[in-house]
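Just below is one structure, and these are the notes that go with it.
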Amino acid sequence: MFCGEDPSKRGRLYINVDESSESFGLFFCHLCGERGGINKIRQHFGDAVIEQESREDFIPSDKTCQILDAATDYYAVSLLRNIDAYNYLVNERGLTDESIDSARLGWADGGLVTHLITEGFGIDEIKETGLVNKFGQDFLQDKITIPYLVSGQTVCIRGKEIGGKYLTPPGQKARLFGVDSTIDSKEVVISEGEFDQLLLQQMGFAAVGVPGANIVTGK
């Protein structure tokens with residue numbers, strides 16, 4: 001669609017059309033990597049933007065998702081410049097390059113705000129994501145960054161000290177990590193933490209990670 005693929009070929013654009021789903025309207029092109037929400041795809045075809053019922057507890061606004069995606073890409077590039085963070089992911093957590101890339105893991109080097117402003121985002125809308133504090137500083141600075149992806153779209157980003165504690169930006173809701181890996185799966189493994197989920201997925205299991213043992217409770 002966005003990349004002009006030959007229409008005679010099998011499509012690789014996936015759109016969530018389940019209106020009862022928390023990720024309704026999100027799309028992802030497995031050919032060119034384009035992703036976004038329902039209004040982005042409507043605008044591409046020249047259709048009017050529609051008013052959506054607020055689902056910000058689960059899926060942020062289109063603008064916030066754009067900022068989160070831009071931040072995720074920036075952090076991923078920054079990881080390539082931090083050998084300590086990279087070695088921790090590979091040697092301590094057992095992740096392969098493929099797992100690191102597909103999960104879009106990154107490193108917050110402190111330059112996020114400047115980068116996002118050069119990308120055309122305003123400081124106030126950047127602060128609304130929680131990635132920047134009231135002083136305009138990167139909230140996750142000097143942390144490994146862990147984006148939560150839903151249909152390929154970043155919906156929140158957590159951070160982790162190398163060998164230390166996790167950090168969640170203010171305003172972000174607790175959610176399961178790795179839900180994209182469970183699509184079309186009949187059995188799902190539940191693990192504690194994002195890196196355990198990635199390791200299980202790397203081993204071929206459909207898995208989700210709970211960000212902390214006390215996040216999910218039964219009734």
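The values are calculated or read from the model by the stated rules, or taken from the named source; none is laboratory data. Values in this document were obtained by computation on a predicted structure and should not be read as measured data. Cβ: placed from backbone, ideal geometry, glycine included. Neighbour counts: every protein chain shown. Side chains are part of the model used for accessible areas, which takes the heavy atoms of the whole protein and leaves out ligands, DNA and RNA. Shrake-Rupley method; radii C 1.70, N 1.55, O 1.52, S 1.80 Å.
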Q: Could you list all residues from region 105-117 that are touching a residue at least 12 places away in the same chain (Cβ under 8 Å) and open to solvent by 30 Å² or more (accessible area, probe 1.4 Å)?
A: Asp109, Gly110, His115
Q | strands (runs of 3 or more DSSP E) wholly inside region 130-219 that include at least 1 residues being at pLDDT 95 or above and crowded, with 19+ Cβ neighbours inside 10 Å | A | 144-150, 153-160
Q) Of all residues in region 159-200 being in contact (Cβ under 8 Å) with a residue 60 or more places away in the chain and more than 26 Å from Thr129 (Cβ to Cβ), which is nearest to the chain's Cα centre (by Cα)? A) Leu199
Q) Do you know which residues across region 197-207 are in contact with a strand residue (DSSP E or B) (Cβ under 9 Å, 6 or more places away or on another chain) and closer than 19 Å to Gly106 by Cβ? A) Gln197, Leu198, Leu199, Gln201
